[in-house]
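The values are calculated or read from the model by the stated rules, or taken from the named source; none is laboratory data. Quick caveat: nothing in here was measured; it's all calculated off a predicted structure. So basically every Cβ, Gly included, is an ideal-geometry build from the backbone, and we count neighbours across all protein chains shown. Remember, those area values only see protein heavy atoms, side chains included, never the ligands or the DNA or RNA. Shrake-Rupley method; radii C 1.70, N 1.55, O 1.52, S 1.80 Å.
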Amino acid sequence: MRSCPSLLDDVGVDLEGGWAQNGKVRLSQTELKPRNQQSQIGILCPVCDAQVDLPIGGVKALTLDHLAMNDVMLENLHGEGQGLVCDLCNDREVEKRCQTCKSNLCQFCCQAHRRQKKTSYHTMVDLKDLKGCSRVGKPILCPIHPAEELRLFCEFCDRPVCRDCVVGEHREHPYDFTSNVIHKHGDSVRELLRGTQPRVEALEEALAQIKRVNNALQKRVEAVAADVRKFSEGYIKAIEEHRNKMLKQLEDIRVQKENSLQLQKAQLEQLLADMRTGVEFTEHLLTSGSDLEILITKGVVVERLRKLNKVEYNTHPGVNDHISFSPQEKAGQCRGYEVYGAINTKEVDPAKCVLQGEDLHRAREKQTASFTVLCKDATGESMGRGGDNVHVAVLPKDKKDSPVRTMVQDNKDGTYCVSYTPKEPGLYTVWVCIKKQHVQGSPFTVTVRRKRRPHLGVFHCCTFCSSGGQKNARCACGGTMPGGYLGCGHGHKGHPGRPHWSCCGKLTEKSECTYIGGQSTSLLRTVAL
């Protein structure tokens, strides 16, 4: 902690009590106590922000920063002496400096200094001649003996003293001139400095690395932000372009449907006008014409009415208002970006929908059965998208109040996978409805059989081989061998070495056994070697 006159002047200090308060110096306690009860007070250095315990002597006991005082003096000298006042009168501006007693004097005090006998021989120099000097500070005087200069150093107390101190308070302490001990103490400080400098360099390097990383971070953030903006702007343009395409498509659909409706309207209006004309003419003829007039005109009227009655027309609008927007539907790429959203005008027609799958009419108990619903529009074209409300109900014919739980999976391509698991065998009725209408082929009946029966025999090519040559081993295929063998052999008609099940005779290895008993039990003992 260095102190200088400028710092002490800025601090409001009770020099006797040893406490201070203002914006620059912060104390560690806020209440004043008597000296004998007051705890240690700490102040913060305004330069390094380190906390320093205030000595018992108060602010006056703080170590003065004479180097700082010298720097302040030099700065004032370089500023043409502005701010320096005479050390004796403390009133007039400094003009001279006594090189012997190191005092700054005004013109009046300088003359008085020369007239005094003790100081008449002192050397006086102009203040402007000191601007090239590195040190212009005053001699450092003893705080206890202000008339004495600190020229000695007490080794025991580790502080500078004057000659009055060594004959008084420091009488028994070892001491020496400051010029004799400066090398030892200076070297210890230099050694400590050498140990500190690498840490300073390490901290500077760490700060430099932080600065470099921070700069790299800023550049990287700017680059990524530019990529984000570029991507976003491109994506926004792609979305806007896709939006404009869909709006244009929607407008084209509107124009097409309106033109169809207007054409149908014009045709119906023309047909209606022709019919009204024919009806009015005929009614007028029948009510106002004579018998002869009716008979004469009958041929023309009948021909006209017959033609009008033969004209085919549709009482329902030729187009509908079914237009929907599917925001989740993929719409391909636009400007290299994947976009979503499509305008759909197709409407599913339950009468055109198709049911597909191997399990449409058969299933197994406690095994999942499934089939597919292929949705089509009125023209028979696949919808090509999902979103239709497909309802499926699977009802046992003898327990219609206990429907089987079904799952309908939308494949998003116009097909729907329906799956269910019947718990018991029997007949089931399956309802498949779209828009509260049965699809083509609904309702239909499903026969649920019991679980697949495993084979009881072996899958072999002949009984002779699989039984180890036993004569009484039979096979479900019914074949025999010469020599009294009851089972088949490689030369059996229909099974010339072809693998089959010994229990039921089926040729497919992964199949259901159809053995129902009644044959010799010896076939059950047929085993593979």
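Identify, among Val373, Asn389, Ala363, the residue whose Cα sits farthest towards the positive end of the charge dipole of segment 348-448, taking +1 on the Cβ of Lys and Arg and -1 on the Cβ of Asp and Glu, with the dipole about the Cα centre.
Ala363
Could you give the nm distance between label points at Leu456 and Ala208, where each point is 7 Å from its Cα heading toward the beta carbon?
It is 9.4 nm.
With a/c under 1.5 counting as rounded, go ahead and sort segment 443-516 into rounded, prolate or oblate using the C-alpha gyration tensor (a ≥ b ≥ c being the square roots of the eigenvalues; past the cut-off, prolate if a/b is larger than b/c, else oblate).
prolate
Using r as the Cβ-Cβ distance of Ile236 and Thr447, and R0 as 56 Å, what FRET efficiency do you calculate, to the nearest 0.05?
With R0 = 56 Å, the Cβ-Cβ based efficiency is 0.45.
Would you please classify the overall shape of segment 331-375 from the alpha carbon gyration tensor, given that a ≥ b ≥ c denote the square roots of the eigenvalues, rounded means a/c under 1.5, and beyond that prolate means a/b larger than b/c while oblate covers the rest?
On the way: a/c = 5.29, a/b = 2.12, b/c = 2.50.
Oblate, since a/c reaches 1.5 and b/c is not below a/b.
Which order do the peptides 206-212, 467-473, 405-411 come out in when sorted by mean C-beta neighbours inside 10 angstrom, highest first?
Taking the mean over residues of other Cβ atoms within 10 Å, the ranking is 467-473, 405-411, 206-212.
Are there chymotrypsin sites (Phe, Trp or Tyr not before Pro) in segment 241-337 that DSSP marks as loop and that have at most 10 other Cβ atoms within 10 Å, and which are they?
Counting only loop positions with at most 10 other Cβ atoms within 10 Å, the chymotrypsin sites (Phe, Trp or Tyr not before Pro) in segment 241-337 are Tyr313.
Determine the equivalent ellipsoid of segment 363-487 by diagonalising the alpha-carbon gyration tensor, then write out the semi-axes as square roots of 5 times the eigenvalues, largest first, rounded to whole Å.
Over the Cα atoms of segment 363-487, the ellipsoid semi-axes are 48, 18, 12 Å.
Positive end of the dipole of segment 399-476, charges at C-beta (+1 Lys, Arg; -1 Asp, Glu), about the Cα centre: which of Val432, Val458, Tyr416 has its Cα farthest in that direction?
Val458
By the scheme Lys and Arg +1, Asp and Glu -1, what is the net charge of all other residues having a beta-carbon under 11 Å from that of His455?
Net charge around His455: +2.
How much length is gained on full extension from Thr119 to Val85, taking 0.36 nm per residue of separation minus their Cα-Cα distance? Mind dumping the intermediate values first?
On the way: separation 34, 0.36 × 34 = 12.24 nm, distance 2.00 nm.
My answer for the length gained is 10.2 nm.
Suppose R0 equals 22 Å. What FRET efficiency, 1/(1 + (r/R0)^6) with r the Cβ-Cβ distance, do Leu272 and Val302 give to the nearest 0.05?
Once the sixth-power term is evaluated, E becomes 0.60.
Using the crude model of +1 on Lys and Arg Cβ and -1 on Asp and Glu Cβ, and no other charge, please compute the dipole size for segment 279-364 relative to its Cα centre, in debye to 20.
Once rounded to the nearest 20, the dipole reads 380 debye.
What is the packing order of peptides 109-122, 498-511, taking the mean over residues of other C-beta atoms within 10 Å and listing the highest first?
Descending packing order for the listed peptides: 498-511, 109-122.
Residue-wise, which Karplus ³J(HN,Hα) couplings in Hz belong to segment 217-227, taking 6.51 cos²θ - 1.76 cosθ + 1.60, θ = phi - 60°, and x for glycine or proline?
4, 4, 5, 5, 4, 5, 5, 5, 4, 5, 5
Determine which residues of segment 348-378 fall in the zone a paramagnetic label at Gln440 would reach in this model, i.e. backbone nitrogen under 19 Å from the point 7 Å along Cα→Cβ.
Residues passing the 19 Å test: 348-361, 371-378.
Work from the charge dipole of segment 224-298 (Cβ charges, +1 for Lys and Arg, -1 for Asp and Glu, about the Cα centre) and give the residue of Leu250, Gln270, Gly234 farthest towards its positive end.
Gly234
Quickly rank 377-389, 429-441 as a protection proxy: mean count of other C-beta atoms within 10 Å, highest first.
Values: 377-389: 15.1, 429-441: 16.8.
Averaged packing, sorted descending, gives the order 429-441, 377-389.
Tally Lys and Arg at +1 and Asp and Glu at -1 over the other residues with C-beta under 11 Å from the C-beta of Leu308: what net charge comes out?
Residues near Leu308 contribute +3 overall.
Write down the accessible area per residue of segment 258-327 in Å², having rolled a 1.4 Å probe over the full set of protein chains.
Working: 5700 Å² over 70 residues.
Each residue of segment 258-327 exposes 81 Å² on average to a 1.4 Å probe.
Rounded, prolate or oblate: which fits segment 95-213, taking a ≥ b ≥ c as square roots of the Cα gyration tensor eigenvalues, rounded meaning a/c under 1.5, else prolate when a/b beats b/c?
oblate
Ala147 to Arg498: extension gain in nm, 0.36 nm per residue of separation minus the Cα-Cα distance?
Numbers: separation 351, 0.36 × 351 = 126.36 nm, distance 13.36 nm.
Once the chain is fully extended between Ala147 and Arg498, it gains 113.0 nm.
With +1 on each Lys and Arg Cβ and -1 on each Asp and Glu Cβ, how big is the dipole of segment 354-420 about its Cα centre, in debye rounded to the nearest 20?
300
In debye to the nearest 20, how big a dipole does segment 316-431 give about its Cα centre with +1 on each Lys and Arg Cβ and -1 on each Asp and Glu Cβ?
Numbers: 15 positive and 16 negative charges, 70 e Å.
Charge dipole, segment 316-431, about its Cα centre: 340 debye, nearest 20.
Taking θ = phi - 60°, what integer Hz values does the Karplus form 6.51 cos²θ - 1.76 cosθ + 1.60 yield along segment 142-153, in sequence order, with x for Gly and Pro?
Each residue's phi maps through the Karplus curve to give 5, x, 8, 10, x, 7, 10, 8, 6, 10, 10, 9 Hz.
Sorted from largest to smallest, which semi-axis lengths in Å does the alpha carbon gyration tensor of segment 265-357 give for its equivalent ellipsoid, taking the root of 5 times each eigenvalue?
56, 16, 9
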